[in-house]
Amino acid sequence: MDSQDSIYLDNNATTRPCASAAEAVASALTTLWYNPSSIHRPGQAARHALELARKDIATLLACKPRELTFTSGGTESIDLAIRGVLGTLSAAAPRRAFVTARTEHAAVRDLAESLEQSGHPVHWVPVPRSGIIDPSDLAPLLHDAALVSIQWANNETGAIQSIEAISSLCRNAGALLHCDAVQWAGKEPITPELGACADLLSCSAHKFHGPKGVGVLRVRTGVRLSPRLLGTQELGRRGGTENVPGILGAAAAARAATDWLANPAERTRLASLRDRFEAAVIRGVPDAHVNSPAQRLWNTTNIGFPRLEAEALLLLLSEQGVAASAGAACSSGSLDPSPVLLAMNIPREIAHGSLRFSLSRNTTQEELDRAAAIIARCVEKLRASASTPGMLPT
Ligand code: PLP
């Protein structure tokens with residue numbers, strides 16, 4: 001199957017660069033390949049373009065351009081935020097704890113586990129079945145907290161957290177709030193009031209049709225951060241020559257996203273396409289189970305297919321031209337149930353057979369109708385082969 005014919009319902013594949021981002025990258029590679037830290041004229045032209053790009057991304061994030069630090073992606077932005085804040089604390093500081101949830105992306109969750117193993121105090125906020133944290137469960141964990149990291153929206157279920165309530169709890173308790181906004185930025189608007197909820201905010205260009213490998217960290221003016229990569233670039237917050245083509249591509253994508261977000265009807269339209277797709281999948285597979293809560297992003301659905309292995313279904317779907325994704329892949333090549341779904345107390349037999357399907361701004365109803373029919377056929381085929389010993393799906 002030609003990859004051009006595939007239906008992309010995978011949150012990394014669906015967000016391929018928009019045309020303006022691809023053009024900006026190509027033009028930067030051919031005309032603006034100079035080092036933006038050089039003081040010669042062409043270097044300064046690259047610097048100028050980089051600073052204009054920073055402004056465009058600041059517009060999307062409703063913050064000041066100087067508050068932004070470019071990184072190599074969302075993961076590095078998150079690492080810089082969390083280790084950067086904790087790195088400013090003395091070992092004797094009375095407030096040192098890091099607070100987060102097991103439903104966070106691995107960039108936060110694995111980092112928290114590693115901090116915990118090295119002896120840093122870490123508190124895990126309980127997560128209910130909806131995946132949406134109850135702020136009253138967070139409050140008792142803040143007495144010794146220096147930093148809280150809660151994502152705005154979940155990458156596997158789309159669950160949206162109550163960031164405003166969480167922010168005011170953190171402020172009252174004297175803890176900083178880092179927000180992983182990788183899934184939110186570019187898909188939902190950020191007003192100055194909403195943006196101001198987080199002291200630090202991470203995002204990644206490839207989630208809003210920019211190139212992969214470009215991230216940004218917003219650090220609110222006045223928040224102290226110790227750099228992870230030493231050097232003079234990015235106001236000393238992140239050493240290393242900036243990825244000019246990637247950043248200019250990200251800025252083009254940010255401009256397109258800002259324009260797209262101005263029309264809320266588009267998000268409503270896509271959410272109803274997603275709901276229609278979900279209903280069609282359940283019609284085709286009546287025991288399928290939607291793991292996502294109602295309060296979620298317009299583009300995501302996470303569906304469990306009991307008694308199936310997510311990996312087997314993914315591979316079969318991929319053969320039929322549907323690109324979806326599941327939880328974390330373990331090193332043996334099989335799929336472990338997603339830690340996010342397990343943290344939400346989704347039963348193992350459902351979590352094991354759960355896939356997430358993500359729409360992009362460009363996903364069509366026709367693609368979703370085709371995908372729902374393919375999913376029903378693949379589930380039926382896998383179940384038939386599982387109940388017939390020795391038979392493999394073809
Ligand atoms: N956080 C969330 C919620 C994500 O969905 C992702 C990527 O999928 C990341 C962080 C990591 O971003 P990146 O892949 O740019 O490192």
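The values are calculated or read from the model by the stated rules, or taken from the named source; none is laboratory data. Computed from a predicted model, the values in this text were never measured in an experiment. All Cβ positions, glycine included, derive from the backbone under ideal geometry; neighbour counts span all protein chains shown. Just the protein is used for accessible areas: all its heavy atoms, side chains included, with ligands, DNA and RNA removed. Shrake-Rupley method; radii C 1.70, N 1.55, O 1.52, S 1.80 Å.
Comparison of Arg296, Arg383, Arg370, Arg307 shows that the only residue that is at pLDDT 95 or above, basic (Lys, Arg), more than 24 Å from the chain's Cα centre (by Cα) and open to solvent by 10 Å² or more (accessible area, probe 1.4 Å) is Arg370.
I want to confirm something. Restricting to the range 1-24 and keeping residues that are among the hydrophobic types (A, V, I, L, M, F, W, C) and within 16 Å of the ligand (Cβ to nearest atom), which single residue is modelled with the highest pLDDT?
Among them, the one singled out is Ala21.
Note on the range 310-323: residues that are more than 21 Å from the chain's Cα centre (by Cα) and open to solvent by 10 Å² or more (accessible area, probe 1.4 Å) total 7. Restricted to the range 68-117, and to residues there that are in a strand (DSSP E or B) and of a type in the set (A, V, I, L, M, F, W, C), the residue that is farthest from the ligand (Cβ to nearest atom) is Ala97.
Tell me, please, whether a residue that is of a type in the set (Ser, Thr, Tyr), assigned to a loop (DSSP other than H, G, I, E, B) and open to solvent by 10 Å² or more (accessible area, probe 1.4 Å) can be found in the range 243-263. Let's see the steps before the verdict.
First, the residues of the range 243-263 that are of a type in the set (Ser, Thr, Tyr): 258.
From the residues that got through so far, the ones that are assigned to a loop (DSSP other than H, G, I, E, B) too are none.
No: the range 243-263 contains no residue that is of a type in the set (Ser, Thr, Tyr), assigned to a loop (DSSP other than H, G, I, E, B) and open to solvent by 10 Å² or more (accessible area, probe 1.4 Å).
Check whether at least one residue in the range 267-282 is among the hydroxyl-bearing types (Ser, Thr, Tyr), open to solvent by 60 Å² or more (accessible area, probe 1.4 Å) and at pLDDT 95 or above, and report yes or no.
The first filter runs over the range 267-282 and keeps only residues among the hydroxyl-bearing types (Ser, Thr, Tyr), leaving 268, 272.
From what's left, open to solvent by 60 Å² or more (accessible area, probe 1.4 Å): 268, 272.
This time we only want the ones that are at pLDDT 95 or above, so: 268, 272.
Looking for residues that are among the hydroxyl-bearing types (Ser, Thr, Tyr), open to solvent by 60 Å² or more (accessible area, probe 1.4 Å) and at pLDDT 95 or above, one finds at least one in the range 267-282, hence yes.
Could you check, for the range 284-298, whether at least one of its residues is more than 25 Å from Leu169 (Cα to Cα) and polar (S, T, N, Q)? Show your work before the answer.
Filtering the range 284-298 for residues more than 25 Å from Leu169 (Cα to Cα) gives 284-292, 298.
Then drop every residue that is not polar (S, T, N, Q), which leaves 291-292.
Yes, some residue in the range 284-298 is more than 25 Å from Leu169 (Cα to Cα) and polar (S, T, N, Q).
For the range 183-231, the tally of residues that are in a strand (DSSP E or B), touching a strand residue (DSSP E or B) at 6+ places or on another chain (Cβ under 7 Å) and within 26 Å of Thr157 (Cβ to Cβ) stands at 10.
Looking at the range 162-182 only, could you name the residues that are open to solvent by less than 10 Å² (accessible area, probe 1.4 Å) and either free of Cβ contacts under 8 Å to residues at least 12 places away in the same chain or assigned to a loop (DSSP other than H, G, I, E, B) (or both)? Listed by number, the residues that qualify are Ala175, Ala181.
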